[in-house]
Each structure stands twice: as structure tokens, then as C-alpha cells.
Number of protein chains: 2
Amino acid sequence: MTRRIQKDVPIPLYYQLKEILKERIKSGDLETGELIPSERELGEIYEISRPTVRQAINELVSEGFLRKEHGRGTYVAKQKISQWFLQNLTSFSEEMAEKGLDFSTTVLKKEVVGVDSTLEEVFEGNFEQFYRLERLRCVNGEPYVIVTTYIPVKLAEGLIDEDLEQYSLYKTLEKKYQFQIGYADRVIEASNANKEDADLLAVDSTSAIQLIKTRGYLENDEVFEYSIARYRGDLSNFTVRVPYQSNT
Amino acid sequence: MTRRIQKDVPIPLYYQLKEILKERIKSGDLETGELIPSERELGEIYEISRPTVRQAINELVSEGFLRKEHGRGTYVAKQKISQWFLQNLTSFSEEMAEKGLDFSTTVLKKEVVGVDSTLEEVFEGNFEQFYRLERLRCVNGEPYVIVTTYIPVKLAEGLIDEDLEQYSLYKTLEKKYQFQIGYADRVIEASNANKEDADLLAVDSTSAIQLIKTRGYLENDEVFEYSIARYRGDLSNFTVRVPYQSNT
DNA sequence: GACGTAATGTCGTCATTACCAGTTGCTATA
DNA sequence: TATAGCAACTGGTAATGACGACATTACGTC
């Protein structure tokens, strides 16, 4: 019954254990709040050493699957509430596909623009010309979000000719342009819609809009993207889990 | 010059190294983007073993201070942009104090209420009565956010008599009521103000409001708090850093 | 000069061993 | 009976040793 850990494949042992434990949690074999076997026991069961077990467990703890209590043991943590892209930087398409929702993307505008003061600041004056994409995304047929994206022409020459209605922007940058995407900083604001956005989103012109400004960074900390997304306030909500940091 | 690691104090070696490295980063001794000494070198310098160095470094990486590149070395990561409470669950007072801003809290209402369907769902039907606190918080004299907080009476008998204008709610729960606060789940929404809130926040009645609903959990995963905060959309913004997770 | 290769340095993985530090429950003692 | 204290768990910290995988550089060959 217990899946074995294979030592003759090039997959790290701690990683195999992680996957096994995640599987056991998802399948309900290990229930929420339940005490899991001790580190030493897991080592015996799967025939690996304790440090290896600890690496697997520590990562699962930091990912929110487990919770440790010194002297008592390790428990299966309460399942995270469905996490929006505030926790994981995945593309819109993946997010929606995972939720099993119908979605579509319409490219409203594709153009090349010069710098302005915002772009100057965001890209630290490194680039002169930018692709500016404006896209409307719908979920289940309803307008959901408008995204304006700026990407330096120098970094992705020809991007403007790609089919961005069928293929995800991030996936395209990763696969076709060999971008090594690292992380993103997001600023979240609430504001009122302007007239054009209100029309496109099919809401009243006084409606609240969830603004999310994203700076996308490569693995080497270089900014490669700046985008401004306007979500319908009445359709969107974002969740985030925050650890408590008591300062002594 | 280099601070030594003390082996005769009950502070873990890896933790001492973490503090030293953080200090060196903050002081500018180690600059952004700079390659830091290799794990083996650090081990020699501070006379500790490589696994200990690795523990310190790995935690700093997960906290965003460092960035590792396999085969190349470890770099000082670009400094995080000022992080709002979306990353660290600190209290409002601490957040503001750290920014050096003047702030004040006014308790608008203190009462005991029974369950309703929302509280039933949030607290899983575990409690009958709740303290309901309504507080207005101002920054630099300007209204900034209104917070409605629900806490089960059973968990903090007498809380209603505490001075919550001078002392932080979280700090009070921690120190006086021995709460072991674990983490929080936050849901972020944009909406329009209602009349009372608009008046209190001194904004137009059509203005956008940043809604943040928080469920506070103890270390053992029990919900101890539910709050709804309404921030002025024009004054508040929240930032969050998101790692990229490419799925193969 | 261009290219492949080897050397060397980096982080990544893993095992083994040892001891420390909280928690819990049993037991011997008062 | 009540309780202090002693195991016997748990996870936490630390050292040592070994090898693998990846990146860079220098060098030798073509």
C-alpha cells in the first residue's frame, strides 16, 4: 500500500517523500488535524535518514500543509482556502483552467510606445521603447478584467506578432523568449472606474474597481514587465495567508 | 570587525549567523546583487559547519533576503519594497510606528452580539456570543480605516473593558489573554462605500473602498477573530511579493 | 582563432551520529 | 491520594563526510 521511495531514479528522496505526503493528505489518508508519524518513524518506513525526512517536512510546513509542535509532533494543517494568484504567480489562464472556468482573452490594442515618467521609474531608465498590450479577459462570458501590459521591445523583439489570445503571455515569454521569470511585486489598490473601463467591464461608471499593478522580475532581479489590471470589484476577490510575527 | 558567533550562549548558531548576515545586508556591507561568500567560506569565517550555514542561508532565501543560483553562488536579493501587512501580520499600531507616522484609534462601539449566519460559518458554530468592536483609525489626523472586529466572548472574557485606544488589540490578546496567535487568512475586495462609512472616512459616498476581511487563527488552527476593515481607497495601497511557479 | 575538454569552484542531496529541549504519562514516593 | 520526578516520547540543533550537478575558466587541440 505505502508507495515506496525509489533510490535509483534521479529524483531527490526528500522530494519523493514530499509528493507522497501531499498525496496522502489530499487523498484523505492523513486527515486534517491528525498527527502524522514522527520524523524517526517516517525515516524507518521509507528507509531514508532523518535529515532527509526533515527537509521534506520543513518544506511542507513552509508550504502550509503541515504544522509542527515541539515535543508533541507534526500535524496535518487545516487546508488553505483557495488561493488566488496573490500567493502563486501563475498565469491567468492557468488559474482559470484550474478552477474549471471558461475564459477568453481579447487583445484590444497592440502598439509600441516610448517612455513616460512611470515607465522611466519602473524600468530604471533602461529602455526606450515598450510594447503596450491592452487585453480584456472574460470569465464565463462576462467581462472580468482589463490588463495593460508594458514590456521592453529590446527584451522580446517580435512579441507583438504572437497570438496572445490563444496562448498565455507568461508561457510565451518563458518558452519562446527564454525568459527566466523569478517573481513579481504587486501593489493593490481600490479605485473608481473611468468611463472607458466601466464600459468595457459593463459596470456603472461609479463602480469600485480593484487595481493591481504588477512589476514582473526575472530571476536576476531585472524588471521585464509592468502591468496594470483593473478587476470588476463585484466579481473579484483575492485571498492571502499571513503568518504572525510577534516582535518581542 | 566581523562579529563573532558565540557558542556559549543558548542562541542557535544558525540564528546568530542569520542575524549577522541580515545586519551586514542592512548596513550595506553586503550590497544588493553582490555575491556573498560561499557556504564553505562562511563556515570557515564563523567557525561553524556547512549544514549550519545552509540552514541560515536557506531561511534568509525564503525570507527574501538572499537568492541562490546553483553552481554560481548566493547573491544579496534586491530589497523588498516596503511591505504592508499583507506579508507580515503585525498590528496596525506597529505598522504605523515603524513608518514613523502619527496615528490614533477611536473606539466607536463596544457591544456583545449573538450569532448570525456569517459568524456561524466563520467560527464553525462553536460560539454563541461575540464582542463586537468598531474602531476608527486615523493617520496624521486623517480618517484612514474603519474596522469591525468579532471575538468570541468565551475566548476573552472581559476584553470589552480593556483600553483599546491606547493598546493594540493583538498585543492585548497575546499578553493579557495568553493567545498564541498563528496566522490569518485575508480576503481582499474592492467595493463602494456605504453612507455611514463614507461619512466617517470623510469621502464622497460613491468612493471606492478597499475591503479586507480577516480571519485570525491561533497556532492550533482555531479561529479567534473575524474582522472587516474598510480602507479609504485613495489613501491605501497594499503590496505583496509573489514567487513564480512554473508548471512543467 | 574556434572549439571541445578538463579543472575547479559553486550549491544540492544524503547518510550517520550526537546531543539538546520541550511534552507527556507513568510510577514511586510522601 | 496526591505529587514530584523520572523515563520515553516528540522535534531542534549541530558536526562530519561524501558525492552529484551545474557554471565558469583556462587550456590544449584542431
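Looking at the stretch A:185-208, can you tell me whether even one residue there is under 21 Å from A:LYS110 (Cβ atoms), buried (at least 18 other Cβ atoms within 10 Å of the Cβ), out of contact with any helix residue (DSSP H, G or I) (no Cβ under 7 Å at 6 or more places or on another chain) and among the polar types (S, T, N, Q)? No, the stretch A:185-208 has no match at all.
Somewhere in the stretch A:168-179, is a residue away from chain B (no Cβ under 12 Å), open to solvent by less than 30 Å² (accessible area, probe 1.4 Å) and within 22 Å of the chain's Cα centre (by Cα)? Yes; the residues of the stretch A:168-179 include at least one that is away from chain B (no Cβ under 12 Å), open to solvent by less than 30 Å² (accessible area, probe 1.4 Å) and within 22 Å of the chain's Cα centre (by Cα). Of all residues in the stretch A:161-192, those that are under 22 Å from B:THR239 (Cβ atoms) and in a loop (DSSP other than H, G, I, E, B) total 0.
Of the listed requirements (1) surrounded by fewer than 19 Cβ atoms within 10 Å (Cβ to Cβ); (2) at pLDDT below 90; (3) more than 9 Å from chain B (Cβ to nearest Cβ), A:ASN88 misses just one: (3). Of B:LEU35, B:LEU60, all but one fail to be more than 8 Å from DNA strand D (Cβ to nearest atom) and open to solvent by 50 Å² or more (accessible area, probe 1.4 Å); the exception is B:LEU35.
Search the stretch A:46-74 for residues that are in a helix (DSSP H, G or I) and pair each with any residue that is of a type in the set (Val, Ile, Thr) when their beta-carbon atoms are under 7 Å apart and the residues are at least 6 apart or on different chains. These pairs meet every condition: A:TYR46/A:ILE5; A:ILE57/A:THR74. Scanning the stretch A:137-160 for residues that are surrounded by fewer than 18 Cβ atoms within 10 Å (Cβ to Cβ) and within 25 Å of A:LEU235 (Cβ to Cβ) yields A:CYS138, A:ASN140, A:GLY141, A:GLU142, A:THR148. Residues in the stretch B:63-77 that are of a type in the set (Gly, Ala, Ser) and within 11 Å of DNA strand D (Cβ to nearest atom) were compared, and the one that is surrounded by the most Cβ atoms within 10 Å (Cβ to Cβ) is B:GLY73.
Only one of the numbered conditions (1) in a loop (DSSP other than H, G, I, E, B); (2) more than 7 Å from every other protein chain (Cβ to nearest Cβ) is violated by B:LEU200, and that is (1). Figure legend. Inter-residue proximity from the stretch B:213-235: first residues at the interface with another protein chain (Cβ under 10 Å from one of its Cβ atoms), second residues among the basic types (Lys, Arg), beta-carbon distance below 6 Å, spacing 6+ or different chains. Indicated pairs: B:THR214/B:ARG186; B:ASP221/A:LYS78; B:VAL223/B:ARG215. Of everything in the stretch A:3-30 that is within 14 Å of DNA strand C (Cβ to nearest atom), of a type outside the set (D, E, K, R) and not in a helix (DSSP H, G or I), the residue that is surrounded by the most Cβ atoms within 10 Å (Cβ to Cβ) is A:ILE5. Return the pairs, sorted by first residue and then second, in which the second residue is among the acidic types (Asp, Glu), the first residue lies in the stretch A:150-175 and is within 19 Å of A:PHE103 (Cα to Cα), the beta carbons are less than 6 Å apart, and the residues are 6+ apart or on different chains. Filtered contacts from the stretch A:150-175: A:THR172/A:GLU162.
The values are calculated or read from the model by the stated rules, or taken from the named source; none is laboratory data. Since we're looking at a predicted model, the values are computed, not measured. So basically every Cβ, Gly included, is an ideal-geometry build from the backbone, and we count neighbours across all protein chains shown. Quick note on the areas: whole protein, heavy atoms, side chains included, nothing else; ligands and nucleic acids left out. Shrake-Rupley method; radii C 1.70, N 1.55, O 1.52, S 1.80 Å.
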